[in-house]
Amino acid sequence: MDLNVRANLSTAESFRIATHLHTVLLEETFRVTRWKNKDAVFHGGTSLKLAYDSLRLSEDLDFMISPTAHSSLLSAAKPVADKTRLIMKAHYPDCQIDFKVRQSQPGQSSVDVWDVRWTHPNRRGKVLVKMEFFRVDQDLLSEYSARMMATLSGGEALRITTPVPVAEIAALWSDKVKAIATRPAFKYRDAFDLAFIANRLSVSGTYPDDAKLTDNLLRASSIYGKTPSDIVKGLQQYLEAGHFEDVSAFRENMRHWFDADVYHSYDEAGLFESMLYSARSEVEKGCRLLEEHLENSIAAGLKM
């Protein structure tokens, strides 16, 4: 990557820089805070990339944090920002790292956001990374399935060696089903992630039984203040809208989330089509499990 020549920021460069930012920000956040399991959990699409080897680029770093961890969040911002600038400037001389903190407002939001922007005088364009810290009730967070991971990798020798509490992949299954149900607009990247998770669970022989999946779905719903009925309604809406049958739209959308070589290898192998159908199957399963839970709850109520 020759930063001595002025040029447009290429897609490949953007992917590389974003992944580098992800690894540095994650490492420094947990090095500074020393958060452990039950203090915070790293989850979402970027956790799939760094902890579970997904090749899809994800823009954000998503965390759930306890009220106690939240109390130390603001004081951690400056040392994290300072070390991130130092490391990134060593790798990309003369780059600029802008770091903006947006605090949650009591009664209005439970999410704090750190906006990070990479720019360079010899590159037209920018790389944006957003870190979201969702404050969660301690009891709910303590029940969430996560484990400390000692080593995570962003590829190209980018390794995170500070232990990080990461969501178990079975918990990420329920998170993705919940996300599909509750987003205001359908996002194909959720479908890819859900299919990736299902494949990892199947290949490893750790795909949970229906009871465990139901428990995880109910927990994910509670964390985000949703009812099982909310999730069922949202899933049915997107199943009926035809998104899971539109392979062309899925393939085109996936171009934005993969290195060109990886995209073409996936596309030529027909993986995008099979993954979209797999995602539909997982969404149908989530819908069925919650419908059965609701039916059983009604039946149990009638017997009382």
What's the local net charge at Leu276, with K and R +1, D and E -1, over the other residues with C-beta under 10 Å away? -1
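If you rank Thr182, Thr151 by fewest surrounding Cβ atoms within 10 Å, what's the result?
The most exposed by this proxy come first: Thr151, Thr182.
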Let's test the formula: R0 of 35 Å, r as the Cβ-Cβ distance of Thr161 and Ala211. What FRET efficiency results, to the nearest 0.05? 0.45
Rounded to the nearest 500, what is the 222 nm mean residue ellipticity of the chain from helices alone, with -39500 (n - 2.57) per DSSP H run of 4+ residues and division by all residues? -17500 deg cm²/dmol
If I take R0 = 22 Å and measure r between the Cβ atoms of Val5 and Glu252 in this structure, what FRET efficiency does the formula 1/(1 + (r/R0)^6) give, to the nearest 0.05? 0.10
Neighbouring Cβ atoms within 10 Å as the yardstick, rank His293, His91 fewest first. His91, His293
Got a sec? How would Asp98, Asp261, Asp39 order by Cβ neighbour count within 10 Å, fewest to most? Asp261, Asp98, Asp39
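Counting other Cβ atoms within 10 Å, which trypsin sites (Lys or Arg not before Pro) in the stretch 1-74 have at most 12 and lie in a DSSP loop?
The qualifying sites are Arg6, Arg34.
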Hey, in the GNM for the chain with a 10 angstrom Cα cutoff, which one of Val262, Val127, Val24 fluctuates hardest? Val262
Cα→Cβ-extended label distance, 7 Å offset, between Ser75 and Ala260, nm: 4.9
Please list, in chain and number order, the residues 5+ apart from Arg159 or on another chain whose amide H is under 5 Å from its amide H, with Hs placed from the backbone. Gly154
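Readers should treat all values here as calculations from the given coordinates under stated rules, not as data from a laboratory. Just so we're clear, the structure is a prediction, and the values are computed from it rather than from any experiment. A quick note on method: Cβ atoms are made from the backbone with ideal geometry, for glycine too, and the neighbour counts reach across all protein chains shown.
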